[in-house]
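I have placed the structure first, in the form of structure tokens, so that the comments after it can refer back to it.
The values are calculated or read from the model by the stated rules, or taken from the named source; none is laboratory data. This is a predicted model, so every value here is computed, not measured. Please note: Cβ atoms are built from the backbone with ideal geometry, for glycine as well, and neighbour counts cover all protein chains shown. Heads up: the accessible areas ignore ligands, DNA and RNA and are worked out on the full protein's heavy atoms, side chains in. Shrake-Rupley method; radii C 1.70, N 1.55, O 1.52, S 1.80 Å.
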Amino acid sequence: MSANNSYGTILIRDNTPLPAGLAVESEFFLPGWRVARNLDGYELARKIEDAKWNYFYLAGVTRTMVLGREGPETMRRAVRRALPRLDWLKFNSLEITTVVSKRFLGIPFTSVAIHSRHIQQAIGLVPTKEFVLSIPAAAPIGEALTKPRVALNTSS
């Protein structure tokens, strides 16, 4: 990942299924995550859509701020700081959408905005299997109907 081109950087979770015939050059970024080389979100989306798969862009942004100038190590610290807020979603890709480097009283800091993305073959958005298994099951219909209910009537 180039320090001059962090906007639009795509991170893909390790072991993410990709369409057959789609080779994405990537390199290690953080444990469990790889950064796509020579591709931004738009280019990767076109390649995935050409393979008849879907690449979802999820609403809602996660922002984080770290000390330091814009660069690879600063981006790693920013993503590492944002991952606990994004990991519960269990989507398999992230896009760095905004990077702003500023100074306050001579101290450099970088503000980063990250969006969740998801690569899958199905047209409906389905998070990873672990997320679906962590959702509590609904009560069986028969059980819900057999529980006694108390009605409260008031009159004036």
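Details
- Applying the condition of being touching a residue at least 40 places away in the same chain (Cβ under 8 Å) and in contact with a helix residue (DSSP H, G or I) (Cβ under 8 Å, 6 or more places away or on another chain) to segment 30-44 and asking which residue is farthest from residue 74 (Cα to Cα) yields 33.
- The set of residues from segment 69-113 being among the aromatic types (Phe, Trp, Tyr) and either more than 10 Å from the chain's Cα centre (by Cα) or surrounded by 15 or more Cβ atoms within 10 Å (Cβ to Cβ) (or both) comprises 91, 104, 109.
- Output for segment 69-86, where each listed residue is of a type in the set (D, E, K, R) and either more than 15 Å from residue 114 (Cα to Cα) or in contact (Cβ under 8 Å) with a residue 60 or more places away in the chain (or both): 69, 70, 73
- Filtering segment 45-68 to residues that are open to solvent by less than 30 Å² (accessible area, probe 1.4 Å), without any contact (Cβ under 8 Å) to a residue 60 or more places away in the chain and within 18 Å of the chain's Cα centre (by Cα) leaves 45, 62, 64.
- Members of segment 24-44 that are of a type in the set (A, V, I, L, M, F, W, C) and surrounded by fewer than 11 Cβ atoms within 10 Å (Cβ to Cβ): 28
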